[in-house]
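Working notes for the structure below.
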Amino acid sequence: MSSHLMPVAPAPRPRTDAAPLSRAIDASWQRWIVEQRLRGCTIESMLQVIEGAGYARVDAERAIAALDNDPSYAVAQAVQQRYNKLEAVALNLQRLWASDPEYRTVEKRADVSEEEFAARYVRGCRPVVLTGHTRDWPAMSSWSTEDLKRRFGHLEVDIQAERNADVNYEQNKLLLTRRVNLSAFVDQVVQGGATNDYYLTANNELLRRPEFAPLLDDIGSLPPLCDRSQLTERSSFWFGPAGTVTPLHHDTLMLFHTQVVGRKRWRFVSPLEWSRVYNLRNVFSEVDLERPDPVRFPAFEEATVLEVVVDPGETMFLPVGWWHQVASLDVSLSFSYTCLAVPNPFDYPDPASPVPTQRLVKQPNSADAIQTELRNVVVMAGSADVVEAQFKDGSTMRLHAVASGMEVHVDRPGSRAAHYAERLVSVAREGRAIECQFADGSSIRIMPFG
Ligand SMILES: O=C(O)CCC(=O)C(=O)O
């Protein structure tokens, strides 16, 4: 079987009550059957897997045969053919990239000129570790766990907590957000040893808060082609113990990520190998690069994984679309930014994220208009006190409960998120509350604030 016909759908988890009694094949296995047939698996190999999961052979045969009379399956076959072609194009290009004997080496470079950076790394879509430009960063001598406590210990920050209890902790990051005192969190990190259970990630938004502005004053020279005027809006602070793992995903903008304290191990997969990483939802892969499972994810076996350890003072530059999984090797303080002054958004249709049905239960006049516009929201998810909305241009609005009501944050000015945030805030300032109710029964009230 050629690589582009490898099965892409992971098999549902095997049943444990594996008695082969005759019964209808359940919906998750039916979906698996459709996907495997579309991807060219032999009927015999499918039967063996389904039987192995505890179904009777006759039921499996019936479910497979039923597809031949299903008109929607015929349409799916035509769409699959177009997909196969596209996948083959990407993998052919990937073969060309990987034929470079240096492909697996992630370069470490000091003092790259703007011209070379633009040509070799940005347009060449090649990850690189930049080693030179942090020499003048005050952060390199001042940032430490003690310094965090001394300067900011009295403040509260948003962390992700109880990550070990949720296998999809990164996808569910908003649900795992907890507001904690920074001093207590520093103690927890220092004393708690290696763990993935808690981590202050980019999601914390603390660099948008004036109290934390001194952290930005500690940032010196930026890598080539960075726009410093965008730094406040487009940067993030990360702090956590050794042992954190950010699962395999891709970003939607090119990324710089500077290690200030501690080391991180970065592993990458090329964007052209996207069909091998089981990207079933949004920007996330199902594959764990620390422990790939060849039974559930056989196509991943053919992917080439690049790896580099980024040391203090070094900056990982990741071109758009590259898959990455990141593990902290030490207690780590880092600073990431996406202010590359070269247009580089990564737009993609994401049918895996259904537009949830939203209902505004209170409809003051201008909120009515906003309600209509909010149908443009691609993803809106979260609990009642933290809600994240992602717009078609990739921008994000975050509604966050605070004591006095609701704060609205957006990730970049001039975006659709910024436009809608302005409209929501102006309504709220007029003294009216908007209540949004979501399909899962949760609701938010956007209140006047400030
Ligand atoms: O440092 C980490 O844990 C993850 C960094 C990352 O994935 C990112 O900045 O996109």
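Checking the condition surrounded by fewer than 20 Cβ atoms within 10 Å (Cβ to Cβ), assigned by TED's automatic domain parsing to the domain that holds Arg163, away from the ligand (no atom under 16 Å from the Cβ) and at positive phi, which residue from Leu225, Leu216 passes? The unique qualifying residue is Leu225. Considering the range 156-180, and only residues there that are of a type in the set (A, V, I, L, M) and touching a residue at least 60 places away in the same chain (Cβ under 8 Å), the residue that is surrounded by the most Cβ atoms within 10 Å (Cβ to Cβ) turns out to be Leu174. Check Glu107 against each of (1) charged (D, E, K, R); (2) more than 28 Å from the chain's Cα centre (by Cα); (3) within 30 Å of Val310 (Cβ to Cβ) and name the one condition it does not meet. Of (1) charged (D, E, K, R); (2) more than 28 Å from the chain's Cα centre (by Cα); (3) within 30 Å of Val310 (Cβ to Cβ), only one is false for Glu107: (2). For Gly321, indicate whether it is part of a loop (DSSP other than H, G, I, E, B), more than 10 Å from the ligand (Cβ to nearest atom), within 20 Å of the chain's Cα centre (by Cα) and on the phi > 0 side of the Ramachandran plot. Yes. Here Arg276 meets each of (1) surrounded by 20 or more Cβ atoms within 10 Å (Cβ to Cβ); (2) within 16 Å of the ligand (Cβ to nearest atom) with one exception, condition (2). Every condition in (1) in contact with a Ser or Thr (Cβ under 6 Å, 6 or more places away or on another chain); (2) surrounded by fewer than 15 Cβ atoms within 10 Å (Cβ to Cβ); (3) not charged (D, E, K, R) holds for Gly153 except the one numbered (2).
Show me the strands (runs of 3 or more DSSP E) found entirely inside the range 149-244 where at least 3 residues are farther than 27 Å from Gly132 by Cβ and in contact with a strand residue (DSSP E or B) (Cβ under 9 Å, 6 or more places away or on another chain). Explain how you work it out, then say what you get.
Values: elements: 156-160, 177-181, 235-240.
The qualifying strands (runs of 3 or more DSSP E) are 156-160, 177-181.
So if I check each of Glu61, Glu44, Glu51, Glu87, which one is touching a Ser or Thr at 6+ places or on another chain (Cβ under 6 Å) and in a helix (DSSP H, G or I)?
Working: Glu61 fails: touching a Ser or Thr at 6+ places or on another chain (Cβ under 6 Å); Glu44 fails: touching a Ser or Thr at 6+ places or on another chain (Cβ under 6 Å); Glu51 fails: touching a Ser or Thr at 6+ places or on another chain (Cβ under 6 Å).
After applying the criteria, what remains is Glu87.
The values are calculated or read from the model by the stated rules, or taken from the named source; none is laboratory data. Everything numeric here is computed off the predicted structure, so don't read it as measured data. All Cβ positions, glycine included, derive from the backbone under ideal geometry; neighbour counts span all protein chains shown.
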